[in-house]
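The values are calculated or read from the model by the stated rules, or taken from the named source; none is laboratory data. Just so it is clear, the structure is predicted and the values come from calculations on it, not from any experiment. All Cβ positions, even for glycine, are placed from backbone atoms using ideal geometry, and neighbour counts span all protein chains on display. Each accessible area value is taken on the protein alone, full model and side chains, heavy atoms only, with ligands, DNA and RNA left out. Shrake-Rupley method; radii C 1.70, N 1.55, O 1.52, S 1.80 Å.
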Amino acid sequence: MKKSRILHVGAILLLGLTGTGRGGEIRSLEDVLALQAKTEELGRKVLPAVVALISEEVGSSGSGVVVGKDGLILTAAHVIDGAEEVEVVFPGGKQAKGKVLGANFSKDIGMVRIVDEGDWPVVEIGESKPLQAGDWVVAMGHSEGYDPARTPPLRFGRVVSDGPGNFLTTDCTLIGGDSGGPLFDLEGRVVGINSSIGESLDNNNHAGIDGFREDWDRMLAGEIWGELQLNPLANPERPVLGILMGRELSNGGVPVERVTPDSPAAKAGIRPGDVVVAVDGTRIRGGRNLGMILAKHSAGDEVEVSLLRGREEVKLRVELMRQDQLFEKLER
Amino acid sequence: MLVAMGSISALMGQQVPLQKPEEKQVTRQQSEALFDAIRPVARAASPSTVWVWADRKPVAMGTVIGDGNQVLTKWSQIAFARTPVQVVGGDRTTGTARVVGVYQDDDLALLEIVDADFDPVSFSTEVKPTLGQFLIAAGPGDQPLKAGVVAVAERPLRESDQAFLGVMLDPEFEGPGVRVQTIDDRGGADEAGLQGGDVLLAVDGQAVTSAFELRGILQKTRPGESIRVKYLREGAETETEILLGGRPEFQRVPEARLRSMRSMGTDVSLVAGGFPVILQSDMQLTPEQCGGPVVDLQGRVIGISIARPDRTRSFIIPSSRIVALLEEEPLDPGLAALPREAEGRGVRPAAGQQGMPIPPVVPLNRGSAERLRKHLEEMSDLLERMEREMEPLER
């Protein structure tokens, strides 16, 4: 029953992209002492709400975090995959029954509700979109399954990259059993949910908490949808422009072969025959590169697309849209 | 898991998905700023930190104690050394070391330095590090090795130090209480006359509502202590006193997938478990960085790093345990772990060379013995090859 599965390992691609960085700056030992004081306080405050989720049907053990006094738990979709019921175990060993609600596999987020009556310890929910490389964070989870000999280990680190779409990458090292556990900002608010790891110690991926907000009601209502896909280019929720790309040019530019009607590209005035040469000032190095640069954004983000139209360079602002929603629109 | 483990090798060398150069720069500058800020703190212990060399390579860190000519280091990292062990300080002062004792349970070796002196460390035992507190692994030079936080407060890791009741609970039982399914005859429950079907209601007056809760309560007890258990048998409530024993060693074979996850992005220590008491930190030590002093932000030495079990953890033996250990007589290195060998679980290392006591076996569980054997074979192959290559040079 204590078999740890969880934390899948991602097929992950590396690319150079542009943007600006800011971070939790350290100028002196006093700054480090202040960070320590925050981390210690945070640990005491949030620890009681970090639960293990054990599914005997599926034979897996993951983690979750309680955010509702009524026992609402946020976790990763793959932790509750195939389960209808889970055992919820609190750090002190207190146990409760949990009912699996909904999940969106495309974002690897899910919900569980404790069915027993109780006054459950909770944590606050923060925001993930504003997080950038250098922001300090703390990850927790029941590594390798629930262990009564210890509390769920605390890992201190920082955001190293705001990952594809809704995901973030930190250097808080994770392992099997941590999946579904919370990532906190230094105020102790949940900003992410542990999702996957790659080979590097700096490659620990978390689903951003803002992804829950968009899907809250559907998950609460018990809906399960989406597709777990770690290749950002295959994620159905990835943001797109709505163009059919032609063969890339030798200088890396990507010609627009067709523009999808009603798509963000169409609305912004991108035309067939235009050549995409840059996004937000970053030169494009081919079609795949363009896809990866866009994947780092979320739907709703506005990007500046630089195009060559004949001899003229044109810059257009485009609001990105989710690929699956664009397709849905087309089918209608 | 969606993607097979096999695909990992293809990802080697790739660092962070979609990391922009700017993001990489921000985090690198941040690390530099953090290390600049903590460097003065680590200086409190760096003169007492040495590299430990064996077989022409650094294999561990060492912590200088006593009058400055004794060093504690990680025993399993030098137990199979074929050349005399040497210690090197931050100023490159080099001394030849002799293993004079072994604290086997803690995987620590006591070295005596024959021809050099260093500054001894002073252990701080007045405060126990708490959850989230920052820790720094000092290095022999000016640069600290690693920094991290207390991930889990001090706890025993050795199973025989954990109390064992000896009941298997019925997972189907809905309560109230927890129902015993079978009794393990190695525990106190059997001795006290508990039987399958008994429903445990409370331990020492505290109601028990789940298996995990029972384990949590037992976690706070130690072998040799007694607990009062209230239980229900055939409708009648009874209370009995149960003397707790130590937990028999369970050989838990980790799931293969978990095992391969452990070493993702990190090398792991040969001996990484079974310590009587440890602090768990998230600092990312390598196996060769274990054995040195760890300080808090006040520069107080709170312990000695002892193992890297996986990508998420490093273990530290707290100063209080070290101070207590040093009161004890260490094992003669020639005798260390002989009982294990008699059980056929140890490994006999290659013969030692002149000037070094022949290193005996290290205490290991079965899985690691196999790994150690493999490691040894590789090491002796390597040495043979090196010796062959050296021959023409010497002639």
Quiz item: What is the mean projected area of the alpha carbon convex hull for segment A:8-229, to one decimal in square nanometres?
Solution: 12.0
Quiz item: Put +1 on the Cβ of every Lys and Arg and -1 on every Asp and Glu Cβ in the protein assembly as shown; which of B:242, B:177, B:290 then has its Cα farthest towards the positive end of the dipole?
Solution: B:290
Exercise. Report which residues of segment B:130-150 become buried by 50 Å² or more of accessible surface when going from the isolated chain to the complete set of protein chains (1.4 Å probe; DNA, RNA and ligands ignored).
Key: B:131, B:134
Quiz item: Which length gain, in nm to one decimal place, applies between residue B:329 and residue B:236 when the Cα-Cα distance is subtracted from 0.36 nm times their residue separation?
Solution: 28.2 nm
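Given that compact globular proteins tend to follow 2.2 N^0.38 Å, what is the ratio of the alpha-carbon Rg of the protein assembly as shown to that value?
My calculation over the Cα atoms of the protein assembly as shown gives 1.05.
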Quiz item: How much solvent-accessible surface does residue A:216 expose, in Å² to the nearest 10, with a 1.4 Å probe and all protein chains in place?
Solution: 70
Exercise. Provide the net charge surrounding residue B:267, with neighbours chosen by a C-beta distance below 11 Å and charges set as Lys +1, Arg +1, Asp -1, Glu -1.
Key: +1
Quiz item: Under 5 Å between amide H atoms, partner at least 5 residues away or on a different chain: which partners does residue A:60 have, H built in plane at 1.01 Å?
Solution: A:55
Quiz item: Kirkwood-based Rg over Rh for segment A:213-332 (C-alpha set), two decimals?
Solution: 1.01
Quiz prompt | Net lengthening on full extension, residue A:231/residue A:70 (0.36 nm per residue, minus Cα-Cα) | solution = 54.4 nm
Quiz item: What ³J(HN,Hα) values, in whole Hz, does the Karplus curve 6.51 cos²θ - 1.76 cosθ + 1.60 give for segment A:185-199 when θ = phi - 60°, with x put for Gly and Pro?
Solution: 7, 6, 8, x, 9, 5, 10, x, 10, 4, 10, 8, 10, x, 4
Practice problem: Give the long-range amide H neighbours of residue A:284: residues separated by 5 or more places, or on another chain, with amide H under 5 Å away, using H modelled in the peptide plane at 1.01 Å from N. | Solution: A:278, A:279
Quiz prompt | Only Lys, Arg (+1) and Asp, Glu (-1) charged, at Cβ; segment A:8-229 dipole about Cα centre in debye | solution = 360
Practice problem: Would you mind checking which residues have amide H under 5 Å from residue B:291's amide H? H placed 1.01 Å from N; only 5 or more apart, or other chain. | Solution: B:61, B:305, B:306
Self-check item: Inter-site label distance for residue B:206 and residue B:39 at 7 Å from Cα along Cβ, in nm
Solution: 4.8
Self-check item: Computed E for residue B:267/residue B:170 - FRET, C-beta separation, R0 56 angstrom, nearest 0.05
Solution: 0.85
Exercise. Kindly provide the Kirkwood hydrodynamic radius of segment B:163-246 in Å, to one decimal, from all pairs of distinct alpha carbon atoms.
Key: 12.4
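Within segment B:117-189, report the chymotrypsin sites (Phe, Trp or Tyr not before Pro) that DSSP leaves as loop and that have at most 15 other Cβ atoms within 10 Å. The partial results should precede the final answer.
Details: sites: B:118, B:123, B:134, B:164, B:173; in loops: B:118, B:173.
Answer by residue number: B:173.
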Practice problem: Using the structure shown, list the pairs from A:107/B:24; A:38/B:128; A:129/B:20 with a Cα-Cα distance above 20 Å, or answer none. | Solution: A:107/B:24
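Just how large is the dipole of segment A:112-198 about the Cα centre, in debye to the nearest 20, putting +1 at every Lys and Arg Cβ and -1 at every Asp and Glu Cβ?
240
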Practice problem: With θ set to phi - 60°, apply the Karplus curve 6.51 cos²θ - 1.76 cosθ + 1.60 along segment A:302-313 and write out the HN-Hα couplings as whole Hz, x wherever there is a Gly or Pro. | Solution: 9, 10, 9, 9, 9, 10, 9, 10, x, 9, 8, 9
Quiz item: Can you pull the percent of segment B:163-246's accessible area that's carbon plus sulfur, 1.4 Å probe, other chains left in place?
Solution: 46
Exercise. Report, in degrees rounded to the nearest 10, the 0 to 90 angle that the Cα long axis of helix A:210-220 makes with the longest principal axis of chain A.
Key: 70
Quiz item: For residue B:28 and residue A:244, FRET efficiency with R0 = 30 Å and r from the beta-carbon atoms, rounded to 0.05?
Solution: 0.15
Quiz prompt | Rounded to whole Hz, the Karplus (6.51, -1.76, 1.60) HN-Hα couplings of segment B:279-290, x for glycine and proline | solution = 9, 9, 10, 8, 5, 9, 6, 9, x, 7, 9, 8
Practice problem: With a 1.4 Å probe and every protein chain left in place, tell me how much accessible area residue A:217 has, in Å² to the nearest 10. | Solution: 120
Quiz item: Within segment B:134-172, what residues put their amide N at less than 16 Å from the label point 7 Å along the Cα-to-Cβ vector of residue A:56?
Solution: B:168-172
Quiz item: When Lys and Arg each count +1 and Asp and Glu each count -1, what net charge do the other residues less than 15 Å away from residue B:89, Cβ to Cβ, add up to?
Solution: -3
Self-check item: Partners for residue A:315 among lysines (Cα-Cα distance below 21 Å; same-chain residues under 8 apart left out)
Solution: A:267, A:296
Quiz item: In square nanometres, what is one fourth of the surface area of the convex hull spanned by the alpha carbons of segment A:90-145?
Solution: 6.0
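Taking the Cα centre of the protein assembly as shown as origin, work out the dipole magnitude from +1 charges on Lys and Arg Cβ and -1 charges on Asp and Glu Cβ, in debye rounded to 20.
1780
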Quiz item: What is the distance, in nm, between label points placed 7 Å from the Cα along the Cα-to-Cβ direction at residue A:266 and at residue B:119?
Solution: 7.3
Quiz item: To the nearest 100 Å², how much accessible surface do chains A and B hide from each other in total, with a 1.4 Å probe?
Solution: 6200
Quiz item: Any idea how far apart residue A:187 and residue A:84 come out in nm if each label point goes 7 Å out from Cα toward Cβ?
Solution: 4.1
Quiz prompt | Length-normalised contact order for segment A:8-229 - Cα pairs under 8 Å, 6+ apart - percent | solution = 23
Quiz item: Any idea of the accessible area per residue across segment B:163-246, 1.4 Å probe, to the nearest Å²?
Solution: 51
